[in-house]
1. Which order results if 53, 33 are arranged by neighbouring Cβ count within 10 Å, fewest first?
2. Relative contact order for the chain: what percent, with Cα pairs under 8 Å and sequence separation of 6 or more?
3. Which length gain, in nm to one decimal place, applies between residue 173 and residue 25 when the Cα-Cα distance is subtracted from 0.36 nm times their residue separation?
4. On a C-alpha basis, how far is the centre of segment 54-100 from the centre of segment 134-158 in Å? Whole number, if you could?
5. Can you tell me the FRET efficiency between residue 70 and residue 36 if r is taken as the Cβ-Cβ distance and R0 is 22 Å, rounded to the nearest 0.05?
6. Relative to the longest principal Cα axis of the chain, at what angle does helix 51-66 sit, 0 to 90 degrees, rounded to 10?
7. Output the 0 to 90 degree angle, nearest 10, between the alpha-carbon long axis of helix 80-92 and the longest principal axis computed from the alpha carbons of the chain.
8. With Rg and Dmax of the Cα atoms in Å in mind, check (i) 14.8, 45; (ii) 16.0, 48; (iii) 21.6, 78 and report the label derived from this structure.
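Nothing in this text is a laboratory measurement; each read-out follows from the coordinates by a stated rule. Predicted model, so just to flag it, every value in this text is computed and none were measured. Note that we place each Cβ from the backbone using ideal geometry, even for glycine, and neighbour counts take in every protein chain shown.
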């Protein structure tokens, strides 16, 4: 995947160097173009994903509900521009680019660009925190998500250079 000149310029402005990109162990992802509007996420932002991801999510959500488990979507599709803005906000809060890149993919390398990745939480859990692994929802996902073509992308001790994210699940179906 080739980033546009504008995106490459944005990466430079964020302090993301060619060394960072060369060291990235994540694959590059094209931005999905076949997205479905799916309502709102946990924070009231527009929620979009691919049609097959939505179908699998709906089946998984319904099955979890039958087990008295409530799943909520924190985030789904993110454009390269949104990923740049997310990193910019973290830089503005005083975080270093090296720290940010431990938990956020370089724009162009985020699985969220595909429209198949979902960040998931449950009521009472702080979104996007490792403590999600202590919830019944996480235990249910570990036991059942594969039946709906979802897998945790960044398990403990992964070799992708991204911190453990028990909330980040991606649909393998295309």
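1. Values: 53 28, 33 7.
Fewest to most other Cβ atoms nearby, the residues stand as 33, 53.
2. On the way: 280 pairs, mean separation 43.5, N = 174.
Dividing the mean separation by the residue count of the chain yields 25 percent.
3. Values: separation 148, 0.36 × 148 = 53.28 nm, distance 2.21 nm.
In short, 51.1 nm is gained.
4. 15
5. Working: r = 22 Å, r/R0 = 1.00.
Efficiency at R0 = 22 Å is approximately 0.50.
6. Around 40 degrees separate the two axes.
7. On a 0 to 90 degree scale, this one is about 80.
8. From the options (i) 14.8, 45; (ii) 16.0, 48; (iii) 21.6, 78, the structure gives (ii).
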